[in-house]
Amino acid sequence: MIIGIIGKANVGKSTFFNAATELAVPSANYPFTTIEPNVGVGYARVKCACREFGVQDNPVHSMCIDGNRFIPVKLIDVAGLVPGAHAGKGLGNKFLDDARQADALVHVVDASGSTDSAGKPVPAGTGDPMFDVRFVEEEFDLWMSGIVMRDWSKTAREAENQGQKLEQMLAKRLSGLAIPDHLISATVHESGLGLKKPTMWSEDDIKKFCHMLRVKAKPFVVVANKADLPSADANIVKMKQAGLEVVPCASEAEAMLKKASKKGIVHYLPGDGSFDVRPGVALNEQQKKALEIVKGLMDRYGSTGVQEAINIACFKLLKLIAVYPVEDEFRLADKKGNVLPDVRLLPQGSTAKDLAGTVHADLAKGFLYAVDARTKQRIGADHHLKDGDVIKIVSAASRG
């Protein structure tokens with residue numbers, strides 16, 4: 001699974017990326033600092049099953065801190081957009097080509113209104129974050145429409161003459177965007193365009209289809225960055241009133257807290273609603289002032305927003321569940337004795353056999369049955385898993 005970090009130039013995408021991954025990539029107050037995509041690992045945060053089972057876990061591929069499991073997810077930070085990007089303006093083609101592989105999109109906007117549409121600095125409060133939200137989503141829609149519309153009449157005639165289904169034609173046309181076929185079929189049905197012959201589709205029909213498909217296949221969460229600045233509050237209210245999925249965010253505050261935590265100055269976990277200065281730590285006046293500003297932000301919005309944005313992308317937009325595969329349902333361990341060694345993020349509706357496939361293709365191929373570690377009952381290949389399940393897979397492949 002890949003989460004793309006997108007937005008216009010100079011809104012703090014790289015700062016958000018740094019805060020989420022703790023990687024040091026260039027960030028500065030001018031457009032197009034990011035040209036090549038930065039790829040890193042962020043983490044989805046869930047309550048670990050170790051507390052419920054009363055065990056001391058030993059994760060191999062993730063982290064558990066104070067009963068919170070941090071599950072790796074791939075993040076990609078791409079070049080900033082400008083209006084007209086779908087037609088190649090700025091780094092538009094580069095941006096859209098890098099973003100196409102993402103399953104969900106974190107759309108970072110400058111909530112303080114201190115950048116114009118091209119990403120150039122302007123006095124705080126004079127920029128319009130709502131415009132930024134609209135134009136970035138429209139550029140994505142127009143880019144998808146351009147892909148579909150290319151030689152549409154010719155392709156549509158050929159498909160009709162060959163008796164090819166509309167869904168198959170669209171899936172082939174959009175094959176580079178990592179969009180599941182079932183979403184294309186669902187969008188054709190829900191749009192009502194399946195009742196029209198492809199040769200009768202107008203340009204507006206194609207734009208309607210692409211907008212509906214993008215909402216399904218590339219869902220957005222809006223990160224209202226720079227929420228710690230005074231001019232941000234009113235803009236955040238406007239975005240929420242517009243019905244957007246908005247997360248107030250201060251990426252620099254998150255980065256600062258992580259650095260302070262590493263240095264032993266504060267106790268803080270990503271996603272926490274507060275932090276504590278560790279006993280015996282003497283803060284200078286500059287540190288006190290900085291932490292006071294961060295505390296005020298967290299009191300107002302509940303967190304710095306970085307972890308919340310990743311969690312919303314994973315669990316609200318993509319509707320993923322966390323499932324723990326084990327080899328010993330009694331000790332909750334693998335063959336080496338590691339307790340709750342791994343956790344997988346799977347789409348809602350995933351089955352026990354789907355889980356087996358994420359561990360190894362051979363396990364799914366030779367699937368016999370699974371065991372629910374809570375109930376110790378056998379479950380079949382088509383059993384739908386629930387969030388937090390701990391599952392043992394029994395396979396012919398694992399016996400031999």
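The values are calculated or read from the model by the stated rules, or taken from the named source; none is laboratory data. Computed from a predicted structure; not experimentally measured. Positions of Cβ are generated from backbone atoms using ideal geometry, with glycine treated the same way; all protein chains shown enter the neighbour counts.
Restricting attention to the range 332-367, and to residues there that are over 24 Å from the mean Cα position of the chain (by Cα) and of a type in the set (K, R), which single residue is surrounded by the most Cβ atoms within 10 Å (Cβ to Cβ)?
Going through the qualifying residues, I end up with K353.
Looking at V25, V11, V73, which is the one that is modelled with pLDDT of 65 or more and more than 30 Å from V326 (Cα to Cα)?
The unique qualifying residue is V11.
Out of curiosity, is L213 free of Cβ contacts under 8 Å to residues at least 40 places away in the same chain and closer than 30 Å to N311 by Cα?
Values: free of Cβ contacts under 8 Å to residues at least 40 places away in the same chain: no; closer than 30 Å to N311 by Cα: yes.
It is false that L213 is free of Cβ contacts under 8 Å to residues at least 40 places away in the same chain and closer than 30 Å to N311 by Cα.
How many residues, within the range 381-400, are within 27 Å of G54 (Cβ to Cβ) and outside any strand (DSSP E or B)?
Restricting attention to the range 381-400, the residues satisfying the condition of being within 27 Å of G54 (Cβ to Cβ) are 383-394.
Narrowing the set further to residues that are outside any strand (DSSP E or B) leaves 383, 385-389.
Of the residues in that region, 6 qualify.
Anything in the range 185-235 that is among the small types (G, A, S) and either on the phi > 0 side of the Ramachandran plot or in contact with a strand residue (DSSP E or B) (Cβ under 7 Å, 6 or more places away or on another chain) (or both)? List them, or say none.
G192, A224, A227, A232
Looking at the range 136-155, can you tell me whether even one residue there is charged (D, E, K, R), touching a Gly at 6+ places or on another chain (Cβ under 9 Å) and either under 30 Å from A224 (Cα atoms) or surrounded by 14 or more Cβ atoms within 10 Å (Cβ to Cβ) (or both)? Walk me through how you get there before you give the answer.
The first filter runs over the range 136-155 and keeps only residues charged (D, E, K, R), leaving 137-139, 141, 150-151, 154.
Next, only the ones that are touching a Gly at 6+ places or on another chain (Cβ under 9 Å) stay: 139.
From what's left, either under 30 Å from A224 (Cα atoms) or surrounded by 14 or more Cβ atoms within 10 Å (Cβ to Cβ) (or both): 139.
Yes - at least one qualifying residue is present in the range 136-155.
What number goes with the only condition from (1) touching a residue at least 60 places away in the same chain (Cβ under 8 Å); (2) assigned by TED's automatic domain parsing to the domain that holds I379 that I310 does not pass?
All conditions are met except number (2).
Filter the range 89-123 down to residues that are at pLDDT 90 or above, aliphatic (A, V, I, L, M) and part of a loop (DSSP other than H, G, I, E, B), then give me how many there are.
2
Kindly indicate whether any position in the range 189-211 is crowded, with 22+ Cβ neighbours inside 10 Å and either closer than 15 Å to R300 by Cα or touching a Cys at 6+ places or on another chain (Cβ under 6 Å) (or both).
Within the range 189-211 (the criterion being crowded, with 22+ Cβ neighbours inside 10 Å and either closer than 15 Å to R300 by Cα or touching a Cys at 6+ places or on another chain (Cβ under 6 Å) (or both)), the answer is no, since none of the residues qualifies.
Against the conditions (1) charged (D, E, K, R); (2) under 30 Å from A19 (Cβ atoms); (3) assigned to a loop (DSSP other than H, G, I, E, B), where does K335 fall short? Just the number, please.
The failed condition is (2).
Any residue in the range 313-331 that's farther than 16 Å from N58 by Cβ and surrounded by fewer than 17 Cβ atoms within 10 Å (Cβ to Cβ): show its pairings with residues that are among the hydrophobic types (A, V, I, L, M, F, W, C) and modelled with pLDDT of 95 or more at Cβ separation under 7 Å, as long as the two are six or more apart or on different chains.
Pairs that qualify, where the first residue is farther than 16 Å from N58 by Cβ and surrounded by fewer than 17 Cβ atoms within 10 Å (Cβ to Cβ) and the partner is among the hydrophobic types (A, V, I, L, M, F, W, C) and modelled with pLDDT of 95 or more: there are none.
So, of the residues in the range 173-188 that are touching a helix residue (DSSP H, G or I) at 6+ places or on another chain (Cβ under 9 Å) and not hydrophobic (A, V, I, L, M, F, W, C), which turns out to be surrounded by the fewest Cβ atoms within 10 Å (Cβ to Cβ)?
G176
Within the range 246-259, can one find any residue that is surrounded by fewer than 17 Cβ atoms within 10 Å (Cβ to Cβ), under 21 Å from A19 (Cα atoms) and at pLDDT below 95? Steps first, please.
We begin by selecting, within the range 246-259, every residue surrounded by fewer than 17 Cβ atoms within 10 Å (Cβ to Cβ); these are 259.
In the following step, the residues that additionally are under 21 Å from A19 (Cα atoms) were identified as 259.
Add one more test, that the residue is at pLDDT below 95, and what stays is 259.
Scanning the range 246-259 turns up at least one residue that is surrounded by fewer than 17 Cβ atoms within 10 Å (Cβ to Cβ), under 21 Å from A19 (Cα atoms) and at pLDDT below 95.
Suppose we filter D389, D382 for residues that are crowded, with 21+ Cβ neighbours inside 10 Å and at pLDDT 95 or above; which single one remains?
On the way: D382 fails: crowded, with 21+ Cβ neighbours inside 10 Å.
After ruling out the rest, the residue left standing is D389.
Out of all the residues in the range 348-380, which are in a loop (DSSP other than H, G, I, E, B), touching a Ser or Thr at 6+ places or on another chain (Cβ under 9 Å) and more than 28 Å from A313 (Cα to Cα)?
G366, G380
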